[in-house]
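The values are calculated or read from the model by the stated rules, or taken from the named source; none is laboratory data. Since this is a predicted model, take the numbers as computed values, not measurements. Backbone-built Cβ (ideal geometry, glycine too); neighbour counts: all protein chains shown. Heads up: the accessible areas ignore ligands, DNA and RNA and are worked out on the full protein's heavy atoms, side chains in. Shrake-Rupley method; radii C 1.70, N 1.55, O 1.52, S 1.80 Å.
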Amino acid sequence: MNRFFILLAALLISGCAQPGKSFYVLTANGPAPSGGGIGIGVGPVTLAEYIDRPNLVVQQAPNQLAVSEDNRWAGDLSASIARVTAANLGREMKTGNVRTYPWQRDEEIDYQVTLDIRQLHSEADGYAVIEAGWRAYSLPDRKLKASRTFVGREPLAADGYAAMVAAQSRLLSRLAGDIAAGLR
């Protein structure tokens with residue numbers, strides 16, 4: 001009887017797994033420096049409707065997208081973009097004092113950077129693309145310091161979703177470089 005319950009439990013646990021599904025995370029170029037420095041807060045991040053989902057998206061033709069059911073983000077995409085951008089921006093600005101929205105107190109932040117991600121996908125031609133509007137405000141007065149639209153393309157190093165996410169991570173690093181240039 002015990003063997004029956006053990007077998008039943010094993011079947012139930014294996015049934016909870018999602019076979020064939022792969023989960024991906026965006027990565028920073030490395031951690032932000034430790035310690036202090038100017039305070040930078042990243043967020044909120046807004047996403048275009050077509051990418052505000054757990055699934056990865058590929059553009060198959062000029063007006064056609066494919067949404068992968070088996071290839072998904074490992075967490076919330078807007079939170080992941082904020083986390084990766086904050087780490088990359090901290091490294092660019094040589095500060096360990098970076099936060100993601102929402103943070104506890106504005107007094108700890110010198111600049112707030114908001115992001116509007118309008119495009120973030122790969123295309124059939126082997127490139128990942130991004131279009132992101134960003135605004136940087138000085139705090140606590142909330143004066144606009146800089147505002148730009150960043151557009152970039154990054155070649156995929158290989159076929160597949162892992163290469164797509166790696167290229168998107170590189171695009172976020174380039175976006176952080178653009179933001180840092182605007183803050184300097």
For the chain, taking Cα atoms only, what is the radius of gyration to one decimal and the Dmax to the nearest whole Å? 19.5, 71
Candidates per trypsin sites (Lys or Arg not before Pro) in the range 54-148, loop by DSSP, up to 14 other Cβ within 10 Å: 94, 105, 142
Using a Gaussian network for the chain with springs between C-alpha atoms less than 10 Å apart, which of these wobbles most: 44, 54, 140? 140
Kyte-Doolittle mean at least 1.0, axial Cα span of 15 Å or more - DSSP H helices of the chain: 2-16
Excluding ligands, DNA and RNA, the carbon-plus-sulfur percentage of the accessible area of the chain with a 1.4 Å probe reads 53 percent
Can you send over the solvent-accessible area of residue 76, 1.4 Å probe, protein chains only, in Å² to the nearest 10? 90 Å²
How much accessible area does residue 103 have with a 1.4 Å probe, in Å² rounded to the nearest 10? 40 Å²
Using amide H atoms built 1.01 Å from N in the peptide plane, name the residues 5+ places from residue 42, or on other chains, whose amide H lies under 5 Å from its own. 99, 100, 101, 113
Residue span residue 162 to residue 103: 0.36 nm per residue of separation minus Cα-Cα distance leaves a gain in nm of 18.1 nm
